[in-house]
Amino acid sequence: MASPRPIGVFDSGIGGLTVVHELIRQLPHESIVYFGDTARVPYGPKSPDTVRRYSREIASFLTDQDVKAIVIACNTATAHALGTLRAELSLPVVGVVEPGARAAMRTTTSNVVGVIGTAGTIASGAYERAIHAIEPTARVVARACPLFVPLVEEGWTDREATRLIAREYLEPLAAAQVDTIVLGCTHYPLLARTIADVMGPNVTLVSSAEETAFEVRHQLAGTPAAPLPCARVQFVTSGDVETFRRLGTRFCGPEVDAVEAWSWS
């Protein structure tokens, strides 16, 4: 029987809208509730316990919306809270790390893979574990790029200053001769052109959004969606609504129209 229940998606901010965009493309009949925790962004520098607490709070909000699955569209939250939410919830919970690792290992021909992400994601070692679970002999070169998120949110995706910072961050990956780089933060696809220019044509960039949407599709194979006219996308933010709407259109297009505010108080 078709289910009108939505898919819940959350991120520390707006980067997870790249995953929403891909879900809309692959699963056009599905309704989606997206929660962007912009009042408490960034998650990257925060402790694992704090990220788990935030993730539990958002998961509770989403389950109150009667979602049928939850997508953690945040690499840091996936690294620290995926296991916890899977253990505590009775519905499917999908993260972005394992899909990103699978995509990288399908792409690489040299088994030398770069991973870039927030400080929290890189410190967790989540991508190394996921990649080595697929191919134990793979060499993973990981690098935290904490300035990339504020640059994206400032709209500085094609500035010379951004290129200089990218060259500094990516030098160890270039020196290691990686042939594939996992964009281990959902903001980073908006810097793909700059990163590709710095790394050159022989390096392939991998975003986990497409693979994550495919994984959700697989998880929900037994629970088809309601007819298309019932599908809707609901955007909720814990921060400023106008800022979310303005920045959100860069990630997800004109779908980011009506945005609701949510307060933890």
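Extending each Cα 7 Å along its Cβ direction at Ser47 and Asn202, get the distance between those two points in nm, one decimal.
Those two pseudo-labels are separated by 4.5 nm.
Could you check the spin-label model distance between Arg246 and Thr157? Points 7 Å from the Cα along Cα→Cβ, value in nm.
1.6
With a/c under 1.5 counting as rounded, go ahead and sort the stretch 82-211 into rounded, prolate or oblate using the C-alpha gyration tensor (a ≥ b ≥ c being the square roots of the eigenvalues; past the cut-off, prolate if a/b is larger than b/c, else oblate). Present the calculation step by step, with values, prior to reporting the outcome.
Values: a/c = 2.04, a/b = 1.32, b/c = 1.54.
Judged from the Cα gyration tensor, the stretch 82-211 comes out oblate (a/c at least 1.5, b/c at or above a/b).
Could you work out the relative contact order of the chain? I mean the mean sequence separation of Cα pairs under 8 Å and 6+ apart, divided by the number of residues, in percent. Numbers along the way, then the final one.
Numbers: 520 pairs, mean separation 74.6, N = 265.
Rounded, it is 28 percent for the chain.
Only residues of the stretch 37-61 count here: report those whose backbone N is under 18 Å from the spot 7 Å along Cα→Cβ of Gln234, or say none.
Residues passing the 18 Å test: 37-38, 57-61.
Expressed as a rounded percentage, what relative contact order does the stretch 140-265 have, with Cα pairs under 8 Å and six or more residues apart?
Working: 106 pairs, mean separation 25.2, N = 126.
Relative contact order for the stretch 140-265 comes out at 20 percent.
Skip the ligands, DNA and RNA, and give the accessible area per residue of the chain with a 1.4 Å probe, whole Å². Please report the intermediate quantities before stating the final value.
Numbers: 11400 Å² over 265 residues.
Ligands and nucleic acids excluded, the result is 43 Å² per residue.
Where does each of 6-18, 159-171 land if you order them by average Cβ count within 10 Å, highest first?
Going by the mean number of other Cβ atoms within 10 Å, highest first, we get 6-18, 159-171.
Pull up all non-local amide H partners of Ile181: gap of 5 or more, or a different chain, and H-to-H distance under 5 Å with H placed in the peptide plane.
Counting only residues 5 or more places away or on other chains, the set is Gly114, Thr204, Leu205, Val206.
Dividing the alpha-carbon Rg of the stretch 1-106 by 2.2 N^0.38 Å yields what?
Values: Rg = 13.3 Å, N = 106, 2.2 N^0.38 = 12.9 Å.
In units of the globular-protein estimate, the stretch 1-106 measures up at 1.03.
Over every pair of different alpha-carbon atoms in the chain, take the mean of 1/r and invert it; report that Kirkwood radius in Å.
Working: mean 1/r = 0.0543 Å⁻¹.
After inverting the mean inverse Cα-Cα distance, the result is 18.4 Å.
Ignoring any ligand, DNA or RNA, what whole percent of the accessible area of the stretch 119-253 comes from carbon and sulfur when the probe is 1.4 angstrom?
Details: 3400 of 6470 Å².
Heavy-atom surface of the stretch 119-253 belonging to carbon and sulfur, 1.4 Å probe: 53 percent.
Name the shape class, rounded, prolate or oblate, that the alpha-carbon gyration tensor gives for the stretch 147-265, where a ≥ b ≥ c are the square roots of its eigenvalues, rounded holds for a/c under 1.5, and otherwise prolate holds if a/b is larger than b/c and oblate otherwise.
Values: a/c = 2.75, a/b = 1.47, b/c = 1.88.
In terms of gyration-tensor shape, oblate.
Arranged from highest to lowest average of other beta-carbon atoms within 10 Å per residue, in what order do the peptides 176-188, 210-222 appear? Each step should come with its number before you reach the end.
Values: 176-188: 24.8, 210-222: 17.1.
Descending mean neighbour count gives 176-188, 210-222.
The values are calculated or read from the model by the stated rules, or taken from the named source; none is laboratory data. Only a predicted model underlies this, so the values are computations on that prediction, with no experimental measurement involved. Cβ atoms come from the backbone with ideal geometry, glycine included; neighbour counts cover every protein chain shown. SASA here: full protein model, heavy atoms, side chains in, ligands and nucleic acids out. Shrake-Rupley method; radii C 1.70, N 1.55, O 1.52, S 1.80 Å.
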